[in-house]
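Reading through the structure tokens given below for one structure.
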Amino acid sequence: MALLQKLEDSKLLHPQVAEQVREYLVEGKSIDQALLTVGGLSEEQYLRFLSEEFKVPYIDLENNPPTKEFLRQFPARILLEQKILPLEERNGAVLVATSSLFETSGMDQLRLATGRDLEMALAPSLEIERCIKRYLGVGADTMQSMVSQANASGLEIIEKSIEGDIDLTDEDEGATIIRFVNQILTEAIELRATDVHFEPFEDVLRVRYRIDGVLQEATIPADVRRFQMAIVSRLKILSFLDIAEKRLPQDGRIKIRIAEREIDVRVSVIPMLHGEAVVLRLLDQTSMLLGPEQLGMSEEDRHNFERIMTLPHGIILVTGPTGSGKTTTLYAALSQINDIERKIVTIEDPIEYQLRGVNQIQVSTKAGLTFARGLRSILRHDPDVILIGEIRDLETAEIAVQASLTGHLVFSTLHTNDAPGALTRLVDMGIEPYLVASSLEAVIAQRLVRLICSECREETAEAELDILRQQFGGELPEVLCHGRGCRNCQGTGYLGRQGIFELMVVTEEIRGQILEGASSRAIRKTAARQGMKSLREDAFRYLVQGQTTVEEVMRITKGNLL
């Protein structure tokens, strides 16, 4: 109660909040628990107050982190369970960061396990957890437990070939494998990763997350390689794959729920030289589907796009590499035009999001349901709008063209680098130029550009600005920004992505060029003259607004002309 009064006297705690805390203290809660429950005071403010009051050092872990080698001297299980972090050795004693000054059981456990003298320091619990994960790796406590069990039983797992597997019927090992896989998935979701890569090499299992379109290596314990086959088997079991099949690729899916969010996980397993590699694609089912106004299109492009979506027939293509947001754009278009008067049917591989009121078909090659076969059946269901996940071959392209010419509006994707390239690509696939000219209405090329983290955004130095002007090869705004890198963005300087677009409407002049067999470069010049902005030109507006960097624009639009 005396400490609470001091907090109130220091004006850190509002009297009404203090009164609520007193009620919790009467119920038997500690002051730490009571403050956390009621709120009104951040953990950092509280810890800094305790530091001054009790003369215990407060440590900024971002600027004073421990070394990985020093941390490995201590049991990871105790560090993670008790949320304590050894920092360094001072005068024969280990300085240990904790977020709870009055709870000493963790310090006692560590002292007993190591036999070393300890001194207490204060740091926020979230920063302590982040440091432990960063330097010891995800699931360090789980891995340490698995290693100790294996060593205690005299078992050593040595992978001689990709034949055979670990028996997961062992209760202890099975439980720890499950916990480790769960920890990897949880961290990936917390970091907003879209993909998780498990890559086996001769002496290491590398785990990488794709965050904002860029792969980042996850910190995991070195001993994880010993349990690689068990981890793959666990993922196969979750996705209903054949754990005995190790010679052929397999695809499956997992549905998980975490913190009220439903995540659909697409699993791909492929045999490699040193074992099976697994890639998980994470799709957040509870994320709100975007409308055209949230895609990031400029006002002019959005008006053109909304006009094109109301056309009665024709083909609208969205192009770009894997992971550039093509499906999101197509779903935004469908959600915009989805009403009781239209029948919309999609055929996709895979179905990434479920759209209410839309008839969605999942391609199944094993069952013989291909894009082409599904499309033929779709046309007998009297649709107004058809979405084809991807035009992959001539047969699918021909049916899409025929559907558009018989009064259907067809949306699809195509893998080309830019919008004009889609026209020549269809011709190269074998579609007659006159059919391309008469059926195609618009092509949208798109990419996702990373945005500067709002927590660490700062202006670029003048000297750098001059260099960037020379490299960019065009006019730049007077002020440019970049991200310094902070804990909020994992030190990358970027947080989140937004779309940039190249929208080409197929006009009569362009139709004439298609019939004449013009090159994509010639068509690009015509489209630019008629108002089409290139990807790099569209990205320029983010530079003006200080939302991205020149380096990011150059990386994303490499090969796309101004």
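The values are calculated or read from the model by the stated rules, or taken from the named source; none is laboratory data. Nothing here was measured: the structure is a model prediction, and the numbers come from that model. Methodologically, a virtual Cβ is constructed for each residue, glycine included, from the backbone with ideal geometry; neighbour enumeration extends over all protein chains shown. Accessible surface is based on the protein model in full, side chains and every heavy atom, while ligands, DNA and RNA are left aside. Shrake-Rupley method; radii C 1.70, N 1.55, O 1.52, S 1.80 Å.
Just give me the residues in region 169-192 being among the hydrophobic types (A, V, I, L, M, F, W, C), open to solvent by 10 Å² or more (accessible area, probe 1.4 Å), modelled with pLDDT of 85 or more and not in a loop (DSSP other than H, G, I, E, B), in sequence order. Lay out the reasoning, then the answer.
To start, the set of residues in region 169-192 that are among the hydrophobic types (A, V, I, L, M, F, W, C) comprises 175, 177-178, 180-181, 184-185, 188-189, 191.
Imposing the further condition that a residue be open to solvent by 10 Å² or more (accessible area, probe 1.4 Å) reduces the set to 175, 178, 185, 189, 191.
Next, only the ones that are modelled with pLDDT of 85 or more stay: 185, 189, 191.
If the condition is that a residue be among the hydrophobic types (A, V, I, L, M, F, W, C), open to solvent by 10 Å² or more (accessible area, probe 1.4 Å), modelled with pLDDT of 85 or more and not in a loop (DSSP other than H, G, I, E, B), then Leu185, Ile189 are the ones that fit.
Going through region 239-287 one residue at a time, which ones are over 17 Å from Ile184 (Cβ atoms), at pLDDT 90 or above and among the polar types (S, T, N, Q)?
Answer for region 239-287, where residues must be over 17 Å from Ile184 (Cβ atoms), at pLDDT 90 or above and among the polar types (S, T, N, Q): just Gln250.
Please state which one of Ile177, Ile211 is in contact (Cβ under 8 Å) with a residue 40 or more places away in the chain and farther than 17 Å from Thr492 by Cα. Before the answer, list the steps.
On the way: Ile211 fails: farther than 17 Å from Thr492 by Cα.
So the residue among Ile177, Ile211 that is in contact (Cβ under 8 Å) with a residue 40 or more places away in the chain and farther than 17 Å from Thr492 by Cα is Ile177.
Would you pick out the residues in region 116-138 that are touching a helix residue (DSSP H, G or I) at 6+ places or on another chain (Cβ under 6 Å) and either open to solvent by 10 Å² or more (accessible area, probe 1.4 Å) or assigned to a loop (DSSP other than H, G, I, E, B) (or both)?
Pass one, region 116-138, residues touching a helix residue (DSSP H, G or I) at 6+ places or on another chain (Cβ under 6 Å): 118, 122, 124, 132, 135-136, 138.
Listed by number, the residues that qualify are Leu118, Pro124, Tyr135, Leu136, Val138.
Right, Phe371: aromatic (Phe, Trp, Tyr), surrounded by 17 or more Cβ atoms within 10 Å (Cβ to Cβ), touching a residue at least 12 places away in the same chain (Cβ under 8 Å) and more than 18 Å from Ile399 (Cβ to Cβ) or not?
So Phe371 fails the test.
Looking at (1) surrounded by fewer than 15 Cβ atoms within 10 Å (Cβ to Cβ); (2) over 16 Å from Leu317 (Cα atoms); (3) of a type outside the set (Val, Ile, Thr), which is the one condition that is false for Asp393?
(2)
Examine region 290-297 for a residue that is touching a Leu at 6+ places or on another chain (Cβ under 6 Å) and in contact (Cβ under 8 Å) with a residue 40 or more places away in the chain, and state whether such a residue exists.
No; the residues of region 290-297 include none that is touching a Leu at 6+ places or on another chain (Cβ under 6 Å) and in contact (Cβ under 8 Å) with a residue 40 or more places away in the chain.
Looking at region 193-214, which of its residues are open to solvent by 60 Å² or more (accessible area, probe 1.4 Å) and either of a type in the set (Gly, Ala, Ser) or in contact with a strand residue (DSSP E or B) (Cβ under 6 Å, 6 or more places away or on another chain) (or both)?
Arg206, Arg210
Would you call Leu409 without any contact (Cβ under 8 Å) to a residue 24 or more places away in the chain and out of contact with any helix residue (DSSP H, G or I) (no Cβ under 7 Å at 6 or more places or on another chain)?
On the way: without any contact (Cβ under 8 Å) to a residue 24 or more places away in the chain: no; out of contact with any helix residue (DSSP H, G or I) (no Cβ under 7 Å at 6 or more places or on another chain): yes.
Against the criterion (without any contact (Cβ under 8 Å) to a residue 24 or more places away in the chain and out of contact with any helix residue (DSSP H, G or I) (no Cβ under 7 Å at 6 or more places or on another chain)), Leu409 does not qualify.
State all residues of region 414-428 that are open to solvent by 10 Å² or more (accessible area, probe 1.4 Å), closer than 22 Å to Thr327 by Cα and either at pLDDT 95 or above or of a type in the set (A, V, I, L, M) (or both); if no residue qualifies, say none.
Leu426
Please find, among Arg266, Arg257, the residue that is under 23 Å from Thr327 (Cα atoms), free of Cβ contacts under 8 Å to residues at least 12 places away in the same chain and touching a strand residue (DSSP E or B) at 6+ places or on another chain (Cβ under 9 Å). Spell out how you get there, then give the answer.
Working: Arg266 fails: free of Cβ contacts under 8 Å to residues at least 12 places away in the same chain.
Result: Arg257 is the single residue among Arg266, Arg257 that is under 23 Å from Thr327 (Cα atoms), free of Cβ contacts under 8 Å to residues at least 12 places away in the same chain and touching a strand residue (DSSP E or B) at 6+ places or on another chain (Cβ under 9 Å).
Residue by residue, here is whether (1) under 30 Å from Asp251 (Cα atoms); (2) at pLDDT 90 or above; (3) not polar (S, T, N, Q) holds:
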{"position": "Asp301", "(1), (2), (3)": "no, yes, yes"}
{"position": "Asn304", "(1), (2), (3)": "no, yes, no"}
{"position": "Arg307", "(1), (2), (3)": "no, yes, yes"}
{"position": "His313", "(1), (2), (3)": "no, yes, yes"}
{"position": "Thr319", "(1), (2), (3)": "yes, yes, no"}
{"position": "Thr327", "(1), (2), (3)": "yes, no, no"}
{"position": "Leu330", "(1), (2), (3)": "yes, yes, yes"}
{"position": "Leu334", "(1), (2), (3)": "yes, yes, yes"}
{"position": "Ile344", "(1), (2), (3)": "yes, yes, yes"}
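Output the qualifying pairs, or none if there are none: Cβ atoms under 6 angstrom, residues six or more apart or on different chains, first residue in region 346-360 and under 23 Å from Arg392 (Cα atoms), second residue part of a loop (DSSP other than H, G, I, E, B) and modelled with pLDDT of 85 or more.
Glu348/Gly389; Asp349/Val363; Asp349/Gly389
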